[in-house]
1. Just the residues that are free of Cβ contacts under 8 Å to residues at least 60 places away in the same chain, more than 9 Å from every other protein chain (Cβ to nearest Cβ) and surrounded by fewer than 22 Cβ atoms within 10 Å (Cβ to Cβ), please, taken from region A:61-89.
2. Among the candidates B:297, B:322, which residue alone is free of Cβ contacts under 8 Å to residues at least 60 places away in the same chain and surrounded by fewer than 14 Cβ atoms within 10 Å (Cβ to Cβ)?
3. Residues of region A:26-44 being surrounded by fewer than 22 Cβ atoms within 10 Å (Cβ to Cβ) and under 15 Å from residue A:193 (Cα atoms), which ones?
4. Of the conditions (1) under 28 Å from residue B:173 (Cα atoms); (2) assigned to a helix (DSSP H, G or I), residue B:116 satisfies every one except a single condition; which number is it?
5. Can you pull out every residue in region A:172-227 that is out of contact with any strand residue (DSSP E or B) (no Cβ under 8 Å at 6 or more places or on another chain) and within 20 Å of residue A:7 (Cα to Cα)?
6. Being surrounded by fewer than 20 Cβ atoms within 10 Å (Cβ to Cβ), on the phi < 0 side of the Ramachandran plot, part of a helix (DSSP H, G or I) and away from chain A (no Cβ under 12 Å) is true for just one of B:244, B:206. Which residue is that?
7. So residue A:126 fits all but one of (1) more than 9 Å from chain B (Cβ to nearest Cβ); (2) more than 18 Å from residue A:161 (Cβ to Cβ); what number is the exception?
8. For region A:100-115, what are the residues that are out of contact with any helix residue (DSSP H, G or I) (no Cβ under 7 Å at 6 or more places or on another chain) and exposed (fewer than 13 other Cβ atoms within 10 Å of the Cβ)?
């Protein structure tokens, strides 16, 4: 087991955001974290990383997350934040190389393993062709790919990503989802929060549906994305179809007010 | 040329320039000594007038120029990296203003007449106190914004107390002394000042230098840096106390010297590929070069008038900064 979460609760400014979340992640899973705005998806990811104070038990493999050092945690899971902020005009290659920080002793320069990891990550995200360019001059999509390459260079068994597909064109969205699926097929695991239900249905091996700080559905896309859950949680009617054995979902319209289930 | 070799070239050029300026600073002064004579006097066993001037007046002045300049450049680069704000400068977290207040209290109370070292000691004590207050206000998991706000609050309070001391000053000479001290200068400092400031500066430099890797990671923001194994609490303590120790000591012996910590990192950032860890040593050397140049200039421009160093750095620094802003704007447009 890569990650085991039991009864995770967290509050932001006195308001409870996570109310007892429990799940575990096995190697080879690509988990889509879905749910409406404000459901607690980002807070869940941030609590797993220790970025926001939370109660409950989190185990990283055999380690208790409450007692690991920041570096140990960083060797176990990498994180792609929602905000794509880059403060200084550093070159692409150096930025991707930052992913190697958890492995490098202070003041040591990059070793062969580090350089290989950086090269592989840049090739995977197709950013190696502009490695010399300043990251602040890149387009939004290019920037997103560089930041994901940075997380890949961290070479962790677990990758957490907060809305990684936002702001990407369809071709790069699919490239990214395919990459995550490939990582999972290779035995690593990815947990990504997603708003695009179509992408989630098509590429994820498992979906966690969060609403009001709780997991309300957990299972394969077919099990989680049903007309009923979409109506109850999102308040939308959706089209369901099938293409080469995989679910196709497209939200169509809001549920009429009188038929909408009240929680 | 690769990135790394260009960086080494920049560092080497700055080191050579700093050495040259240091030697030049040793040989400029009203006594009008020859270059060979003055350098030889530094190392001779005699106790003549030249030896005295070199060892007791020029050497401490040049050494302090080097140390204070390096401190301002290094801490400016470290704070800009830590706060991810190109407008950050060493004075931002309240160290300079409170060190000035400490010095003013020493002058105002007459302590400096009884015991000359009371001034730097009091300034150091005040800067340590200020930074403890800033740290306590911001908290251990403080965001950079709360640190900036706490620093601004402490700076304003220290500034207000300094004004109060000026306002209530019983004799105009004390007020004048306070005013002149606050303009910043390296005139008439002794080796005692060097030995007093050096240990604090060394500790501060070591703390700031240890930030390099963390500052690189911080390019991506606090949260991503933390997810890459950077202990943000350690980073905050190193940045805040490293600045306090080194800039507190610098202000204690030289008064408040502005613009060096702000402008030098800006000038050098493009030359080191904008990488925060590489900016630290480059900016330390650059700060030393800038301060030594300014200190040589005040002696050349107005030898008899005691032009203050802080005045010159501000006069040269402000228009230069305007030009930097203009250039940045054109780039953004």
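1. Within region A:61-89, A:62, A:63, A:64, A:66, A:67, A:68 meet the criteria.
2. B:322
3. Within region A:26-44, A:29, A:36, A:37, A:38, A:42 meet the criteria.
4. (2)
5. Matches in region A:172-227: A:211 only.
6. From the options B:244, B:206, the qualifying one is B:206.
7. The failed condition is (2).
8. A:105, A:107, A:108, A:109, A:111, A:112, A:113
Computed from the coordinates by the stated procedures, all read-outs in this text should not be read as laboratory data. Treat the numbers as computed from the prediction; the structure is a model and nothing was measured. Ideal geometry is used to build each Cβ from the backbone, glycine not excepted, and the neighbour counts take in all protein chains shown.
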